[in-house]
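J.: Here it is, the structure, as structure tokens.
The values are calculated or read from the model by the stated rules, or taken from the named source; none is laboratory data. Owing to the predicted nature of the structure, the values given are computational and were not obtained by experimental measurement. For neighbour counting, all protein chains shown are included, and Cβ atoms are generated from backbone atoms with ideal geometry for every residue, glycine included. All accessible areas refer to the heavy atoms of the entire protein, side chains included, with ligands and DNA or RNA removed. Shrake-Rupley method; radii C 1.70, N 1.55, O 1.52, S 1.80 Å.
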Amino acid sequence: MTKFLLSVHVLAAILAIGPITVAASMFPRYVRSPAADGDGSDHARTAALLHRVCRGYTVVGIAVPVFGVATGAQLGVLTDAWLLTSVVLTAAAAALLLLAILPGQQRLLVQPAGAAPGADAGVAETARSAAARLAMVTGTFNLLWAVVVVLMIVRPGSTTGA
């Protein structure tokens, strides 16, 4: 049973968290820069698609901690420091996604950073700043997941020789 739980946990992480990190990282670029045709419609559609990818995979991503806790319980490591640290970092990443990244993307889709033709230059600059802040938050989200992955591989104090 442990191998099944671990397999589902790892697959869910790859198939759910991977697309979120990529789509969230690409989003600010498409919401910031105008399209080659000048009206920004292609980039706006791409940004909207990337936001939908992030939202959709967020729902699927719930499987990652669920199967992770189940695997940890099966292995008897729920109280190990490396796992508790991973849980805290996962919760922080989830909070960033739910409280900053997804709402930030939604706000920028309503008022894109490229700003509509004839829009106030101040509004466009504010939107570009919001896109830059979103890019930084997304980078932090990705870094948190990278640390969790390293902790899952290295497992300090593990008796498996890793």
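J.: Scanning for something modelled with pLDDT of 85 or more, surrounded by 11 or more Cβ atoms within 10 Å (Cβ to Cβ), of a type outside the set (Phe, Trp, Tyr) and assigned to a helix (DSSP H, G or I), does segment 108-117 turn up at least one residue?
T.: So far as segment 108-117 goes, yes, one or more of its residues are modelled with pLDDT of 85 or more, surrounded by 11 or more Cβ atoms within 10 Å (Cβ to Cβ), of a type outside the set (Phe, Trp, Tyr) and assigned to a helix (DSSP H, G or I).
J.: Could you tell me how many of the residues in segment 56-80 are open to solvent by 70 Å² or more (accessible area, probe 1.4 Å) and in a helix (DSSP H, G or I)?
T.: Looking only at that region, the number is 7.
Here is a yes/no grid of residues against (1) modelled with pLDDT of 95 or more; (2) surrounded by fewer than 17 Cβ atoms within 10 Å (Cβ to Cβ); (3) under 27 Å from residue 16 (Cα atoms):
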{"position": "91", "(1), (2), (3)": "yes, yes, yes"}
{"position": "99", "(1), (2), (3)": "yes, yes, yes"}
{"position": "124", "(1), (2), (3)": "no, yes, no"}
{"position": "153", "(1), (2), (3)": "no, yes, yes"}
{"position": "156", "(1), (2), (3)": "no, yes, yes"}
